[in-house]
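The block underneath contains the structure these notes are about, expressed in structure tokens.
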Amino acid sequence: MSKENYQSPISPGRSWYEDSCGERPTYAPLDGETSCDVAIIGGGFCGLSAALHLAEGGTNVVLLEAHRIGDGASGRNGGQMGSGQRADILELEEELGFQRAKALWDLAEDAKHSLLQTAYRHNFTCDFAPGQLTPVHKSKYEDDCRREVEALATRFGYDEMSYLDQQAMAEALGSGAYFGGTNDVGTGHIHPMKYLIGLASAAHHAGAQLHEQTAATAIEGSSKSGSRFRIKTKHGTISANACLLAMNGHHGDLRDELAAHVLPLQSFIGATEPLPDDTPVLPGGQAVDDSRFVVRYFRKSADNRLLFGGREAYGAATPKDIEKVIRRQITEIYPYLHDVAITHAWGGSVAITMPRMPYVRELEPGLWTAGGFSGHGVMMSNYAGRLLAEHLLDGSEQLKLLLDLKIPAFPGGKLLRHPLKVLALTWYSLLDRL
Ligand SMILES: Cc1cc2nc3c(=O)[nH]c(=O)nc-3n(C[C@H](O)[C@H](O)[C@H](O)COP(=O)(O)OP(=O)(O)OC[C@H]3O[C@@H](n4cnc5c(N)ncnc54)[C@H](O)[C@@H]3O)c2cc1C
């Protein structure tokens with residue numbers, strides 16, 4: 001299939017990223033038997049970051065990607081880095097105590113810096129642009145924002161976030177559709193597909209063996225029984241001492257634990273035609289994620305398009321009204337864009353966990369997994385991959401923070417967990433409208 005027509009088989013719609021990332025290098029499928037120290041399944045941010053850091057540490061790594069690198073969430077997301085964890089910092093503090101909440105905040109700060117340093121060190125571009133606004137859609141949330149800004153500055157050592165009142169927020173957004181909210185100058189947004197292409201190339205040059213179009217179909221053996229892992233694929237097998245499952249929302253039936261703890265949810269983005277240079281939309285170029293349960297997240301691209309996400313779906317089918325819903329949401333915020341052309345509409349699988357914190361585990365000796373980054377994986381999936389690599393190389397204290405997180409299985413067992421998820425998410429999404 002030509003580059004122009006290529007369509008991810010696991011994520012709906014052709015993304016604007018695909019049309020703006022330049023060449024997507026290809027990596028040959030696995031053919032035959034091979035062996036390595038660590039086998040990685042999944043070529044998104046998490047798997048590739050682990051591959052890069054393991055290879056740089058002198059480990060012999062083979063990574064399998066079932067389709068093309070970038071076909072999963074990592075090549076198709078909103079590109080927003082954020083700060084902290086997906087779960088609210090003050091709720092984390094209440095649940096885990098100050099020390100652990102602060103350590104998790106600091107871990108996310110390290111994740112942010114690691115993301116940008118990796119691009120810098122390997123000299124690839126990712127169109128980083130600074131700033132993130134979080135406006136609230138109900139005035140009752142304004143006090144929460146003020147409290148968060150205050151707590152971060154006085155107790156968590158983070159003074160890059162400030163509170164904007166309604167008027168200042170309207171000026172920053174170019175829209176009066178919201179109340180006040182926060183302005184975080186310590187983070188920003190990237191072109192995720194460019195980042196992923198650069199990461200894959202860095203891992204490849206560091207010595208990691210990458211294979212696209214190669215799905216792992218079974219994992220046999222285990223270090224528990226003293227044997228090496230044998231990862232089966234249609235045309236070959238890998239024998240490995242350790243194995244990392246980095247499949248996020250695309251885990252299929254490879255392991256029951258993943259199916260119980262990490263569930264897929266679809267999120268969709270639309271890209272407009274380039275807006276005129278004098279458009280009042282986001283004059284400061286920040287990314288935006290709002291306070292809704294079904295978060296509306298948007299930003300301008302380097303060529304001045306509005307990239308707008310906000311339509312979600314909880315079942316497996318792709319909704320037919322993505323463009324219509326996105327246009328309605330854009331127009332609610334920017335009425336003057338009511339007839340702007342939407343040139344691309346696409347989606348992907350955001351993998352969620354019950355507490356919206358990542359599921360990082362050693363499932364059995366030598367068999368690791370990381371996933372369920374719950375819409376906050378741009379920096380966190382990259383960093384989880386790095387921490388897993390560092391742990392396999394020499395042990396990592398920070399990884400323990402993620403391993404210690406309590407991540408319960410979704411209720412309902414194999415039969416009912418999906419219908420229960422749909423019910424619960426539909427209920428919460430309705431609350432946005434009240
Ligand atoms: C529309 C959308 C918007 C988002 N916006 C943001 C955002 O703005 N900010 C943010 O922080 N996060 C965002 N996210 C979440 C973020 O993209 C993810 O958390 C992150 O990319 C997860 O990376 P990953 O490597 O774990 O998984 P993925 O990138 O999904 O990679 C998993 C890979 O595993 C492969 N795979 C699966 N099974 C097999 C197998 N058996 N054999 C071989 N390979 C296999 C898949 O093909 C896939 O490529 C968004 C997600 C979506 C979908």
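Quick note: the coordinates plus some simple rules give every number you see, no bench work behind them. What you see is a predicted model, and the numbers here were worked out from it, not measured in a lab. Neighbour counts are summed over all protein chains in view; Cβ atoms, including those assigned to glycine, are modelled from backbone coordinates with ideal geometry.
Table for the structure above
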quantity: Reachable aspartates and glutamates, given that their alpha-carbon falls under 14 Å from the alpha-carbon of Lys320 and they are not under 8 places away in the same chain; calculated: Glu312
quantity: Mean ellipticity per residue at 222 nm, deg cm²/dmol - from DSSP H runs of n ≥ 4 across the chain, formula -39500 (n - 2.57); calculated: -10500 deg cm²/dmol
quantity: Karplus (6.51, -1.76, 1.60) ³J(HN,Hα), θ = phi - 60°, over region 140-153, in Hz, Gly and Pro reported as x; calculated: 5, 8, 4, 5, 4, 5, 4, 4, 5, 4, 5, 5, 5, 6
quantity: Partners for Lys232 among aspartates and glutamates (Cα-Cα distance below 12 Å; same-chain residues under 8 apart left out); calculated: Asp31, Glu33, Glu220
quantity: Charge dipole magnitude, Cβ of K and R +1, D and E -1 - the chain, Cα centre, debye nearest 20; calculated: 1120 debye
quantity: Rounded FRET efficiency, nearest 0.05, which uses the C-beta distance separating Glu33 from Thr217 and R0 of 22 Å; calculated: 0.90
quantity: Mean Cβ neighbour count within 10 Å, used as a protection proxy, ranking 109-122, 355-368, 191-204, 24-37 highest first; calculated: 191-204, 355-368, 109-122, 24-37
quantity: Gain on full stretching of the segment that runs from Ala168 to Glu332 - 0.36 nm per residue minus C-alpha separation; calculated: 57.1 nm
quantity: The chain: most fluctuating residue of Glu93, Glu212, Glu56 per GNM, C-alpha cutoff 10 Å; calculated: Glu93
quantity: Filter on Lys140/Lys300; Lys102/Lys400; Lys102/Lys406; Lys194/Lys234 - keep pairs with C-alpha separation over 23 Å; calculated: Lys140/Lys300; Lys194/Lys234
quantity: Angstrom value of the Kirkwood radius, inverse mean 1/r, which spans all Cα pairs in the chain; calculated: 22.0 Å
